[in-house]
Amino acid sequence: MKKLMIVMLGLLTLVSACSDNDDEGSYGVTSGLITPKIRARVTDPLNQNPFTGILEVYPCKDETSIYYGNYINGKLTVFNGYYVISEGDVYGDNNRELHLPIGEYNMVYWGTPKYDEPIYNSPAITHPGLTNGADLAKLYFSLRPNTDGTYMPVYDLVHAIKPARIGTEDLTASLTRVTAGLKVILKQEDNSAFSSSITSVNVHIGNIAEKMNFYTAEAENMTKTVKFELSRSEDATIMSNPTVMLFPSAPNPLLELFITLADGSVHTLSKALTSTLSPNTRLTLNIVVGKILPGGDPGNFTIESWNEESETIEFPVVD
């Protein structure tokens, strides 16, 4: 999945057009190629909102997961449709349009939304190799590994599968988020500033799916650990992260904090969460620790009930 970089250069209205290149596609069509219009929305449990972000479209043969491809300069290629979308409509010139023979297709949509609020700026994902005729149901997006056995956070991903009649209808997609979000907010129980002796705090979240099916978006092998670092606020009273996106987890994923002090010592806190990181959910995790001092130990912690997808974790005071 391409890194989200949206350049709004002006409104581009797509109109249906035919190529002068006659080509006989898999449906026996020889009358030219159609460039369909496209619109997209994001679906959540309460409503539908116009989509803003990058949208990729993968045409498959009718009623199958077999990738058909896309015509560019009159030749069938492996390059899928690629669009910059703002408020549900195509914008700008940075698009790779679909050009297809008239006929029935099964469209697979993948998108990466744009956010107004801060979000983790270094997501990564391993994209499967793609060829014409490939079975998308046998391909996967996968976590990208770090060098220490952990994995990187992923992009926020939205997905849909929908049949389309090219030549008689526009492309429309109601996209569903298939990733989960996690934001950690770490404070000391007296709300004091964290000691300058704390050089870093890393979060590990376990039981995360290793991969996601390219066709169905189903998550598999929920055994991996994703790592990310917390940043100190200007007044040093909070350590937190922009929301990271994750593949879904197994129930009660394991949370670990690795607190590194200037003397090189590392203190580890761990606790299984009470809930699952499910698709289309975002968890804000409020963590309260006792005073962290050089040579101290942060101890254990308890978890209170969720409040609108928010958990509070408390650690005892450290001497």
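The values are calculated or read from the model by the stated rules, or taken from the named source; none is laboratory data. Values in this document were obtained by computation on a predicted structure and should not be read as measured data. Backbone-built Cβ (ideal geometry, glycine too); neighbour counts: all protein chains shown. Calculation scope for accessible area: heavy atoms of the full protein, side chains included, ligands and nucleic acids excluded. Shrake-Rupley method; radii C 1.70, N 1.55, O 1.52, S 1.80 Å.
I'd like the full set of residues that are at pLDDT 95 or above and surrounded by fewer than 20 Cβ atoms within 10 Å (Cβ to Cβ), limited to region 104-114.
104
Using the structure shown, decide if residue 236 is buried (at least 18 other Cβ atoms within 10 Å of the Cβ) and either without any contact (Cβ under 8 Å) to a residue 24 or more places away in the chain or not in a strand (DSSP E or B) (or both).
The answer is no for residue 236.
If you check residue 219 against the conditions, is it buried (at least 22 other Cβ atoms within 10 Å of the Cβ), of a type in the set (A, V, I, L, M) and in the same structural domain as residue 40 (by the TED database)?
Answer is no for this residue.
Can you tell me how many residues in region 258-275 are open to solvent by 50 Å² or more (accessible area, probe 1.4 Å) and in a loop (DSSP other than H, G, I, E, B)?
4
Looking only at residues that are assigned to a loop (DSSP other than H, G, I, E, B), without any contact (Cβ under 8 Å) to a residue 24 or more places away in the chain and within 20 Å of residue 112 (Cα to Cα) in region 124-148, which one is most open to solvent (accessible area, probe 1.4 Å)?
144
Could you please let me know if residue 162 is surrounded by fewer than 20 Cβ atoms within 10 Å (Cβ to Cβ), outside the structural domain of residue 232 (by the TED database) and of a type in the set (Lys, Arg)?
In short, yes.
In this structure, is residue 173 open to solvent by less than 30 Å² (accessible area, probe 1.4 Å) and in the same structural domain as residue 60 (by the TED database)?
So residue 173 fits the description; yes.
Report whether or not residue 155 is within 26 Å of residue 270 (Cα to Cα), hydroxyl-bearing (Ser, Thr, Tyr) and open to solvent by 40 Å² or more (accessible area, probe 1.4 Å).
no
Just to be sure I understand the filter: pairs with C-beta atoms under 8 Å, separated by 6 or more residues or on different chains, first member in region 57-71 and without any contact (Cβ under 8 Å) to a residue 40 or more places away in the chain, second member assigned to a strand (DSSP E or B) and open to solvent by 10 Å² or more (accessible area, probe 1.4 Å). Which pairs pass?
70/76; 70/77; 70/96
Surrounded by 14 or more Cβ atoms within 10 Å (Cβ to Cβ), of a type in the set (A, V, I, L, M) and within 25 Å of residue 248 (Cβ to Cβ) - does that describe any residue in region 85-94? Write out each step before concluding.
Just the residues of region 85-94 that are surrounded by 14 or more Cβ atoms within 10 Å (Cβ to Cβ), to begin with: 85-86, 88-92, 94.
Narrowing the set further to residues that are of a type in the set (A, V, I, L, M) leaves 85, 90.
Applying the additional criterion that residues be within 25 Å of residue 248 (Cβ to Cβ) yields 85.
Yes.
Taking into account only those residues within region 224-233 that are within 26 Å of residue 111 (Cα to Cα) and open to solvent by less than 10 Å² (accessible area, probe 1.4 Å), which is farthest from the chain's Cα centre (by Cα)?
The qualifying residue farthest from the chain's Cα centre (by Cα) is 228.
Taking into account only those residues within region 186-213 that are over 17 Å from the mean Cα position of the chain (by Cα) and of a type in the set (A, V, I, L, M), which is most open to solvent (accessible area, probe 1.4 Å)?
193
Assuming residue 99 fulfils every condition listed in (1) surrounded by 19 or more Cβ atoms within 10 Å (Cβ to Cβ); (2) closer than 16 Å to residue 163 by Cβ; (3) of a type outside the set (Gly, Ala, Ser) apart from one, which condition is it?
Result: residue 99 passes all but (2).
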